[in-house]
Ligand code: GLN
C-alpha cells in the first residue's frame, strides 16, 4: 500500500510507467495468506517489481514503447518475468523506454517522456529510463531492464541507482523483444547492490527456450553479503582494480571525473591495489556498435509488418499494407536505425560498412604485445583487449557515462551527440561481459545535485565478484 501511495503521488510528474497492474493488492494479500498459513513463499515474496515494456507479460500490454505494438498483449510471460512471479515477486507495471530500446534518454518512446526524479527537467537516461526512474523514486523495489549498449547502466547512473548488466547468456532472452540479438541482455535495477543481486538470483540460469542462454552454473549471488569482511578495516585487501585510461580522457565532464577519482581513493582505502590499464580498442567500440546494432535491428524489426503483430493499417494490397503499417507504426529514431542497418547490409555497401565494422580498421593495429591479423573481427579484438586487462586485474573501472543527466530536449535533434554518450558502455556489450554501475558521487545541477555512476567491469560470468566489491564499496 505504501508503494502504491508513493506511485500515485509521483507518477504524474515522472511518467515512469506505461501500464500499471490492477492486481497488486490482491496478489500481496494472497502472499500474506500463504505466510499466515505457514506455506512456503519465495525470496521475492511481496516485492514490487517494475518490468521494462519490451519484456513480455501475459496479463498486461507489452508495447516496447512503439505504436506498432500499441495494445499488444502477448500470450506468454518472458522467462525472467515467469521466474520473478514464481518466487513471489509482484509485477507492479510496465516501464517506459525508448522505442524498442533505441535511444539514451527515453524521449524516443512513442507514448510519453519520463522525467529524472532528481530533477524533472532532465532525462532519466535510456533506454530503460522508466525502470531506473521507478526504482530511484521508490515507486517499486527493483526493476528489470534490458541492456544492448548501456541501457541499464547509463540510466542507473543518471538516476542514482544500482544497475547490473549480466554476462551475455546469463539471463534468458525468451520474451525480450529483440533489438540486436547478439548484444541484448536483461538486467537488474535496485536501490542497493544487494537488491540487484537478489533479483539477479531470481532471473539467472539456463532456459531451453533461449538457445543462447548459458548452462553455466548459477551461484547464490548474495551469499557473501552478510559477511565479516565488512567489519575489517581493509575488506578488499589485494583486489586488483584497473582504471581504464581511455575512459578518463577528454570528453568526460570534470565533475564526473572528480567523482570517479573520489571512488578510486575510496577503493584504495578499502585495500584495493590500483593501476592504470589501457584498452587500445576502446575507440573502435562506438562505430562498430552502431553499425552492428542497426544492422541486427533492421533484420529483427522486419517481423513488425502489420500482419503478425500489433496494429494493422487497412490497405488495398499487401505491399501497401506493409508500408503503411510501418510508416504509421514506427517512430523516427527506429526508422533511422532500420535505414542505417539496411543500408549497411545492402549489396555494394556491405563491404564498406558491415564488414568493416567487423574487421580491424588498421592493418598494423596493436593490442598489448600482440599483433592482430588485419581481418580479425573488431569484436574479437575488443574481447581480447578486455581479456588482457582482466588477466592482470580482478575488475576494471570507468565512469558509466561521460556526463550526468542532461536536460530533456537537449540532444533530441543531435543524434550523434546522443550516440557519443554511449562510449563508456558499448564495448562491454561487444565483449559480452558483466558490469555493475553504482552511485559514487554527485555533480552540481538540479535542485539537489545530480548523481554520478561508477562502472565496474568483470570477467565473463563473474557477477559474484562485482556484486561483492559493489556491496563493500557502497
Ligand atoms: N543507447 C544505445 C542505443 O541507442 C543503447 C541502447 C540499449 O542498450 N538498448 O542503441
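Some points to look at:
- DSSP beta bridge pairing in the chain, given as percent antiparallel to the nearest 5: 70 percent
- Normalising by residue count, the chain has a Cα convex hull of 148 Å³ per residue.
- With R₀ fixed at 51 Å, the C-beta to C-beta distance from residue 36 to residue 410 puts the FRET efficiency at about 0.50.
- Spatial offset of region 175-212 relative to region 78-138 amounts to 15 Å, using the alpha carbon center of each.
- Linear extension gain, residue 6 paired with residue 121, 0.36 nm per residue minus alpha-carbon span: 39.4 nm
- Proportion of all alpha-carbon pairs of region 1-140 beyond 20 Å (%): 45 percent
- Each peptide in 274-283, 247-256 receives the mean, over its residues, of other Cβ atoms within 10 Å, and ordering these scores from highest gives 274-283, 247-256.
- Contour minus Cα-Cα distance for residue 71 and residue 417 (0.36 nm per residue): 121.3 nm
- Cα centroid separation - region 231-281 against region 3-69, whole Å: 37 Å
- As a calculated quantity, the FRET efficiency between residue 283 and residue 346 at R0 = 25 Å, using C-beta atoms, amounts to about 0.40.
- Extending 7 Å from Cα along the Cβ direction at residue 181 and again at residue 138 yields two label points whose distance is 4.3 nm.
- Estimated distance in nm for a label pair at residue 323 and residue 276, the labels positioned 7 Å out from Cα along Cα-to-Cβ: 5.7 nm
- Fully extended contour minus Cα-Cα distance, from residue 45 to residue 217, at 0.36 nm per residue: 59.5 nm
- Cut-off 11 Å, label 7 Å out along Cα→Cβ of residue 392, residues of region 271-304 by amide N: 275-280
Every number in this text was worked out from the coordinates using simple rules, so none of it is lab data. Since we're looking at a predicted model, the values are computed, not measured. FYI the Cβ positions are ideal-geometry reconstructions off the backbone, even for glycines, and counts take in every protein chain you see.
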